[in-house]
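Scroll down for the structure; my scribbles are underneath it.
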Amino acid sequence: HDSKVTALVISSDGQWVATASSDATIILWDARDASISQEWFAHHKQVLSLTFSPDCRRLASTGRDWKMNMWGISRSAHQLAALKGDTALSSGCAWSSNGAYIASRDEYNTIQLWDRRTFQQLPLDGPKTSWLEPLFSPDSRWLLRHVDDDVRLWDVVSGTYLPLRLVRRLGYDRDDAPHKAAFSPSSTHLAVGYSNGVVRAWDIRGNGSDKLGAVKTRIRSD
């Protein structure tokens, strides 16, 4: 790249590494010998984020040209679609593990959900703002939303919400901003790390019961 690297992702089969840059390009690397396989201009401005499809044949990118572009990479890179949502500038993207959905987030921290087959935007009920970048559970059922004390999971099939309850412990009245989140491989637990060193974990089993939000662990790091 001719400028700083802004994103790096590895395909699930370990064959490819994709990098993006402020120079508006994407480079697809062959991980076996660290050689460049393909390189192309992906956006009119800086590329912000990348995500591989589960089958490793497609790549989604977001950029400061307010678009999310879909690329076929099985032979030579070619554009499949250019998606533009209700609001401008996608700043993050994620692909569900079943390949059916793509989620993005814009400059106003608004989450958007897309159908991968039609590239049409799908409706999401309720508030759509999230401080965290889009994150699907491994089973593709849940999409995370987190704003201050409001933590919820969207069921992407039914469109309904599952609220996660916050229980205050260790004398903290309020957490700092959420920083990173991860689901367990079984999609039964969610952990969120905060900028003040606190980690919260939830057991999300129970088919939508409001009892699912009980805090399982809370850790203060030094």
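The values are calculated or read from the model by the stated rules, or taken from the named source; none is laboratory data. The model shown is predicted, which means the values in this text are computed figures rather than measured ones. No Cβ is skipped: glycine too gets one built from the backbone with ideal geometry, and neighbour counts run over all protein chains shown.
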Close pairs from region 151-167: first of a type in the set (Phe, Trp, Tyr), partner assigned to a loop (DSSP other than H, G, I, E, B), Cβ under 7 Å, at least 6 apart: Trp154/Leu124; Tyr161/Gly126
Residues located in region 39-62, provided they are over 17 Å from Ala94 (Cα atoms) and assigned to a loop (DSSP other than H, G, I, E, B): Ala42, His43, His44, Lys45, Gln46
Within region 110-146, considering residues that are surrounded by fewer than 18 Cβ atoms within 10 Å (Cβ to Cβ) and in contact with a Pro (Cβ under 7 Å, 6 or more places away or on another chain), the one modelled with the lowest pLDDT: Trp131
Members of region 102-127 found to be of a type in the set (Ser, Thr, Tyr) and either touching a helix residue (DSSP H, G or I) at 6+ places or on another chain (Cβ under 9 Å) or not in a strand (DSSP E or B) (or both), listed by number: Tyr108, Thr118
Selection within region 175-222 - at positive phi and modelled with pLDDT under 50: Asn207, Gly208
Of residues in region 13-36 being of a type in the set (Gly, Ala, Ser) and surrounded by 14 or more Cβ atoms within 10 Å (Cβ to Cβ), the one farthest from Ser53 (Cα to Cα): Ser22
